[in-house]
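Data block below; observations after.
What follows draws every value from the coordinates through simple rules; no lab data is involved. Computed from a predicted structure; not experimentally measured. Every residue, glycine as well, gets a Cβ built from its backbone with ideal geometry; the counts of neighbours run over all protein chains shown.
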Amino acid sequence: MGYTIAEKIIKAHLVSGEMKVGEEIGLRIDQTLTQDATGTMAYLEFESMGIPQVKTERSVAYVDHNTLQSGFENADDHKYIQTVAAKHGVYFSRPGNGICHQVHYERFGIPGKTLIGSDSHTPTGGGIGMLAIGAGGMDVAVAMGGGAYHIPMPRMIFVELTGELRPNVSAKDIILEVLRMLSVKGGVGAIVEYGGEGVATLSVPERATITNMGAELGATTSIFPSDEVTRQFMAAQDREADWSPLASDPDAEYAERYSINLSELEPLAACPNSPDNVKPVRELAGIKVDQVAIGSCTNSSFADMTKTASVLKGHKIADSVSLGISPGSRQVFSMMAESGALTDMIDAGARILECACGPCIGMGQAPKSNGISLRTFNRNFKGRCGTMDAGVYLVSTETAAASALTGYLTDPRELGDEIKVDFPEKYDVSDNYYIYPSADKKERGNVEIIMGPNIKPFPVGEKLQDSFTKKVILKTKDNITTDDICPSNAALLPFRSNIPKLSEHCFQTIIPDFKERAEKNNGGIIIGGDNYGQGSSREHAALLPLYLGIKAVIAKSFARIHKANLINSGILPLEFISSADYDSIDEYDELELTDIKESLVKGEFIVKNKTKNTEFKVKFNGSERELKILGYGGYLSFA
Ligand code: MIC
Ligand code: SF4
């Protein structure tokens, strides 16, 4: 039997386990990336392991999320990351250099290598043929220290692309179509591979748009072959020597197969408040738009910026619209200046923002009350833009730019002309925004780590108790996001290094008093629905509940990264066997768990609902390694 692309990379990096779907495998990790919002925790964790130098081929620390610096907190975090990187052999990408995923595939991504990053959109690197996976900070810290990264062996999904995109339909519409077909749960436990004749018609940045938003499918990662298009892109980035071809075998087997005829696709939009709530723009045409935001790691390449500029050139944006544009990287920004694209945008009335995540993570540019915001981003969860009652639509660059001119949600095919871009033969490559670690290890060792007062120690779990009785202090519905558990916006992002402060806002998008409930009841248990913890990789979504005394989350199912983060924090992630049991529980019911250690080994627990005087079964679906981590009360006590 032949291998898929991902299976080939996994096989070449396998350090433990068997490649059987669902069984835990350990992978050797070639590269890691962190960003600042998850990076401070990851480096604090790395430091607590006492390993002097990172052991990967390349580890990069990006600063791209918290660049607003509304107080000293962000700047302190940046300094900490800069110094900790210099000390331990990590490449530092300064604020202003761009969004980690965009910069990483431009500068460091290598086909066939493994990459894990403390950010859920790390799979962007799949656009260049890497096995790139989002993880919690602790797992990235372990990989930096040379440890394996563990995941359940994913099943393989194949998406065949046939035909060719018609004018003004784009890669974003392809991934929105996949989301429409598979939903935000459809990729859970899977790797999505793209193939077919349509692949050769897509550039690396377009492929990266698709693999980026594979995170919204819940997929472990997504990947494209490394082919002639990849070679040309890497040559244009002065990195041809890093290129090698990579394709699946003709007889590779996939658990699921889908096919998309690119010639039949039309512009699509994900409507509020979920990336899989997808409709044709044609059906939404005419919705009045207050804000348009172009950028984020999904659509901020030079091609996206050139398309935007060509739509705006010689026009004025609608009076009712505020248009914000954030280029993805210094390279993109510099080339926009060089090519005149920047002038076209400014002349049309656009607001040019820093090369950073910016509005995508609520760092500024919140829309007005009840505002309608069109964004080329990847997530439209309620409140994420900074305005709770805003309606956010996720669209392609073409749709966003066209709508900025008309003031209404507009199908870009109505513009008439084809928005065409030529891919540059040479990208502008410069290292001026990087600080490379000293080649002299002794010199690295002498670097003083600077830590501001906002950086507080992270909580560490207690050894697992064999029984406990706790109240259900929150019962949630399906698809709860880590943005719900640990909200992020301009006011809260500065506190990513300060768990006690951040814990005041735990679950704030759902209830105002989670912390009080936890304090009054001496911690507790959370009941969740399906796909609990989808979205961002932020391990804060496990650390805040840990800090507040949460002992277990019992859900219908978990999102992969969040489940790993709960285990690393020593919180039990248990799953309902029958959804009727989920229905039978009410908030403040008192649940008793006994014989915990034995039940973990068996994989099955009996939970007593003392309030209702009933019993029900739940399961623990985890590896022996995870069982041990839970036994010790989290990864740090286990290691
Ligand atoms: C996101 O897009 O939600 C983030 C912000 O990039 C997160 C990371 C974080 O919360 O710091 C992610 O996707 O993992
Ligand atoms: Fe940054 Fe948004 Fe991408 Fe997350 S999704 S890395 S916040 S640009």
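Summary table
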| item | result |
| --- | --- |
| Qualifying residue in the range 61-73 (condition: among the aromatic types (Phe, Trp, Tyr) and part of a helix (DSSP H, G or I)) | yes |
| Residues that are more than 9 Å from ligand 1 (Cβ to nearest atom) and surrounded by 22 or more Cβ atoms within 10 Å (Cβ to Cβ), drawn from the range 373-384 | SER373, LEU374, ARG375, THR376, ASN380 |
| Selection count where residues are of a type in the set (S, T, N, Q) and assigned to a helix (DSSP H, G or I), scope the range 525-556 | 0 |
| Selection count where residues are more than 10 Å from ligand 2 (Cβ to nearest atom) and part of a loop (DSSP other than H, G, I, E, B), scope the range 355-375 | 9 |
| Near pairs, Cβ below 7 angstrom, 6+ apart or cross-chain, from the range 53-78 (more than 19 Å from ILE499 (Cα to Cα) and touching a residue at least 12 places away in the same chain (Cβ under 8 Å)) to any residue that is of a type in the set (Val, Ile, Thr) and assigned to a strand (DSSP E or B) | THR56/THR32; SER59/THR32; ALA61/THR34; TYR62/THR34 |
| Residues that are more than 16 Å from ligand 2 (Cβ to nearest atom) and surrounded by 17 or more Cβ atoms within 10 Å (Cβ to Cβ), drawn from the range 60-74 | GLU73 |
| Filter result (within 16 Å of ligand 1 (Cβ to nearest atom) and buried (at least 24 other Cβ atoms within 10 Å of the Cβ)) within the range 39-59 | GLY39, THR40, MET41, ALA42, TYR43, GLU45 |
| Those residues of the range 74-90 which are in contact with a Pro (Cβ under 6 Å, 6 or more places away or on another chain), assigned to a helix (DSSP H, G or I) and under 19 Å from ASP440 (Cα atoms), in sequence order | ALA86 |
| Complete set of residues in the range 164-184 that are part of a loop (DSSP other than H, G, I, E, B) and either among the hydrophobic types (A, V, I, L, M, F, W, C) or touching a His at 6+ places or on another chain (Cβ under 8 Å) (or both) | LEU165, VAL169, VAL184 |
| Residues of the range 319-347 satisfying the condition of being in contact with a strand residue (DSSP E or B) (Cβ under 8 Å, 6 or more places away or on another chain), over 22 Å from ALA171 (Cβ atoms) and aliphatic (A, V, I, L, M) | VAL321, LEU342, ILE346 |
| Near pairs, Cβ below 9 angstrom, 6+ apart or cross-chain, from the range 623-639 (assigned to a loop (DSSP other than H, G, I, E, B)) to any residue that is acidic (Asp, Glu) | SER623/GLU23; SER623/GLU24; GLY633/GLU462; GLY634/GLU462 |
| Residue selected from the range 534-557 under the condition within 16 Å of ligand 2 (Cβ to nearest atom) and of a type outside the set (A, V, I, L, M, F, W, C), by the criterion farthest from the chain's Cα centre (by Cα) | HIS540 |
| Residues that are within 15 Å of ASN565 (Cβ to Cβ), within 13 Å of ligand 1 (Cβ to nearest atom) and either part of a helix (DSSP H, G or I) or in contact (Cβ under 8 Å) with a residue 60 or more places away in the chain (or both), drawn from the range 482-518 | THR482, ASP483, ASP484, ILE485, ARG496, LEU502 |
| Hits in the range 575-593 - residues which are part of a strand (DSSP E or B) and either surrounded by fewer than 23 Cβ atoms within 10 Å (Cβ to Cβ) or free of Cβ contacts under 8 Å to residues at least 40 places away in the same chain (or both) | GLU575, GLU590, GLU592 |
| Single unsatisfied condition, VAL103 versus (1) within 15 Å of ligand 2 (Cβ to nearest atom); (2) crowded, with 24+ Cβ neighbours inside 10 Å; (3) over 18 Å from the mean Cα position of the chain (by Cα) | (3) |
| Subset of the range 394-418 [among the aliphatic types (A, V, I, L, M) and either surrounded by fewer than 19 Cβ atoms within 10 Å (Cβ to Cβ) or not in a loop (DSSP other than H, G, I, E, B) (or both)] | LEU394, ALA400, ALA401, ALA402, ALA404, LEU405, LEU415 |
| Residues of the range 9-49 satisfying the condition of being of a type in the set (Val, Ile, Thr), more than 30 Å from GLY358 (Cβ to Cβ), outside any helix (DSSP H, G or I) and touching a Ser or Thr at 6+ places or on another chain (Cβ under 8 Å) | ILE25 |
| For TYR258: the one exception among (1) within 16 Å of ligand 2 (Cβ to nearest atom); (2) of a type in the set (Phe, Trp, Tyr); (3) over 18 Å from GLY98 (Cβ atoms) | (1) |
| All strands (runs of 3 or more DSSP E) inside the range 107-156 with 1 or more residues being within 18 Å of VAL63 (Cα to Cα) and within 15 Å of ligand 2 (Cβ to nearest atom) | 114-117, 131-134 |
| Matching residues, the range 434-464, being touching a strand residue (DSSP E or B) at 6+ places or on another chain (Cβ under 7 Å) and not hydrophobic (A, V, I, L, M, F, W, C) | TYR434, TYR436, PRO437 |
| Some residue of the range 202-215 being of a type in the set (D, E, K, R) and farther than 30 Å from TYR43 by Cα | yes |
| Candidate set from the range 511-563 (those that are surrounded by fewer than 24 Cβ atoms within 10 Å (Cβ to Cβ) and polar (S, T, N, Q)); member that is nearest to GLU590 (Cα to Cα) | ASN521 |
| Candidates ILE325, ILE352, ILE317, filtered to the one that is within 16 Å of ligand 2 (Cβ to nearest atom) and either more than 21 Å from THR481 (Cβ to Cβ) or in contact with a Phe, Trp or Tyr (Cβ under 6 Å, 6 or more places away or on another chain) (or both) | ILE325 |
